[in-house]
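Note sheet for the following structure.
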Amino acid sequence: MERAQIQGLAAAARNASIALAQLDAKIKNAALTAMAGSLEAQSATIIDANKKDIAAAQKDGLSAAIIDRLRLSDTRVKAMADSLRTIASLEDPVGQKISTRKRPNGLVIDKVRVPIGVIFIIYESRPNVTSDCAGLCLKSGNAVILRGGSEAINSNIAIYDIVKGSCKSFGLPEAAITLMRDTDRKAIEILLAQKEYIDLVMPRGGEELINFVTEKSRIAVIKHYKGICHTYVDEEADLNMAERICFNAKVQRPGVCNAMETLLVHKDVAVRFLPSMVKKFRDAGVEIRGCEKMRSIISAIAGPASGAKDIKAATEEDWYTEYLDLILSVKVVEDPDEAIAHIRKYGSMHSETIVTDNQRNADYFLKKVDSACVYVNASTRFTDGGEFGMGAEIGISTEKLHARGPMGLEELTTYKYVIYGNGQIRE
């Protein structure tokens, strides 16, 4: 696309956002419901397009975990439709009164939610993001510009065309939802300079993409950064529970940002916990990379014929790595403080969990760990807008301003002050 075309696209989205901010909730909900029905009715069309992307990904040698993120099925298309229906069922945040205060001079000051305006979403691999973000932005009164990755281009176009087509009868502005079909990064760079028209940029993808957007953008950025998520098995953990949680956090869907990348185990339970846990992981095809203590424990208990020697020594780089694959780093720690220090040094402030039956230890972990989502006795895989009751999320923010964790409807609004007076003047 030419620069003038891209600037025109951004300007059209700005104009659309003005109309969307005034749109009645009933119209938005009806449009969302129609979008959901159309996705289900045309599931075969979406899956046919997705097969082209899968074939290209396999030809390019992408990992099984990445291909899983890319793959669509009737079940996953239905989940996309259900997300839109859930979004339609939620209360419209636009116009909500956050707080009211009355001043001694009689002024009444209301703090009221309003849409952010125009949101530019850049994402990779997962085509369900196309419908999720379109639905969330519509309900929250924001215009959205979507730019998916080249690896999912056929799927994204199919989903977008269906969603956009189902909205036409509801009077939505034409530029309310826009998909950039140009996958050249030069087009992204031009859009990142359109601060006159775009209010917020949300990149979702690998570290290279995040760094590119952060460096080039002249617009505010909220990063859906990498998910180096940790599970800490405490000395007072229920080890059966810990095994279920750890297995789910790593294996259930390893190619997503809320999957566990590092397992931390207290030294006092390591000998009892690690041998069976490691066997279960390895039976599931997980490659283990361990600290020296962890490798010594497995070798001493399992014996030389067990394959324990195949456990690689974890490097400094491993602790910083988001694998997005069936690879796991494991470290034995002295106490909760060492676990917390490890998370602070190597984590990405995404999601961490402690498995423990000791409430004091749980409270200590919750207080000391400063990540967007901190759990007690649950898998990090729950860090998801749908699982949090938001219908979907536009991304999972690892920032501190203005939103953290899964970003749903409320996080897609800002606020303004509405002040009522009866003739007051300032002396």
Being closer than 25 Å to M80 by Cβ, touching a Phe, Trp or Tyr at 6+ places or on another chain (Cβ under 7 Å) and not small (G, A, S): is that true of I145 here? yes
Check off (1) touching a residue at least 60 places away in the same chain (Cβ under 8 Å); (2) within 20 Å of E261 (Cβ to Cβ); (3) in contact with a helix residue (DSSP H, G or I) (Cβ under 6 Å, 6 or more places away or on another chain) for E399 and give me the number that stays unchecked. (3)
Limited to the stretch 332-345, what total is found for residues that are in contact with an Asp or Glu (Cβ under 9 Å, 6 or more places away or on another chain) and of a type outside the set (A, V, I, L, M, F, W, C)? 3
Of these, V112, V129, V108, V77, which one is closer than 26 Å to L9 by Cβ and assigned by TED's automatic domain parsing to the domain that holds I162? V129
Restricting attention to the stretch 397-427, which residues are within 30 Å of the chain's Cα centre (by Cα) and hydrophobic (A, V, I, L, M, F, W, C)? L401, A403, M407, L409, L412
Can you find a residue that is touching a Cys at 6+ places or on another chain (Cβ under 9 Å), surrounded by 17 or more Cβ atoms within 10 Å (Cβ to Cβ) and not aromatic (F, W, Y) anywhere in the stretch 52-74? no
Among the residues of the stretch 1-49, which ones are in contact with a Lys or Arg (Cβ under 7 Å, 6 or more places away or on another chain) and crowded, with 19+ Cβ neighbours inside 10 Å? K28, L32, A36
Just to check your reading of the model, which residue among I145, I119 is touching an Asp or Glu at 6+ places or on another chain (Cβ under 8 Å) and within 23 Å of T413 (Cα to Cα)? I119
So, of the residues in the stretch 190-211 that are modelled with pLDDT under 95 and part of a helix (DSSP H, G or I), which turns out to be surrounded by the fewest Cβ atoms within 10 Å (Cβ to Cβ)? E208
So which helices (runs of 4 or more DSSP H) are wholly in the stretch 1-115 and hold at least 2 residues that are under 27 Å from M390 (Cα atoms) and modelled with pLDDT under 95? 64-70
Report whether or not S166 is of a type outside the set (D, E, K, R), assigned to a loop (DSSP other than H, G, I, E, B) and buried (at least 17 other Cβ atoms within 10 Å of the Cβ). no
I need a count of the residues in the stretch 174-189 that are part of a strand (DSSP E or B) and either more than 17 Å from I394 (Cβ to Cβ) or touching a residue at least 60 places away in the same chain (Cβ under 8 Å) (or both). 1
Scan T383, T414 and give me the residue that is surrounded by 23 or more Cβ atoms within 10 Å (Cβ to Cβ) and either at pLDDT 95 or above or within 17 Å of R204 (Cβ to Cβ) (or both). T383
Report whether or not S371 is crowded, with 23+ Cβ neighbours inside 10 Å and free of Cβ contacts under 8 Å to residues at least 40 places away in the same chain. yes
From the options A249, A220, residue that is free of Cβ contacts under 8 Å to residues at least 24 places away in the same chain and small (G, A, S): A220
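The values are calculated or read from the model by the stated rules, or taken from the named source; none is laboratory data. Predicted model, so just to flag it, every value in this text is computed and none were measured. Every residue, glycine as well, gets a Cβ built from its backbone with ideal geometry; the counts of neighbours run over all protein chains shown.
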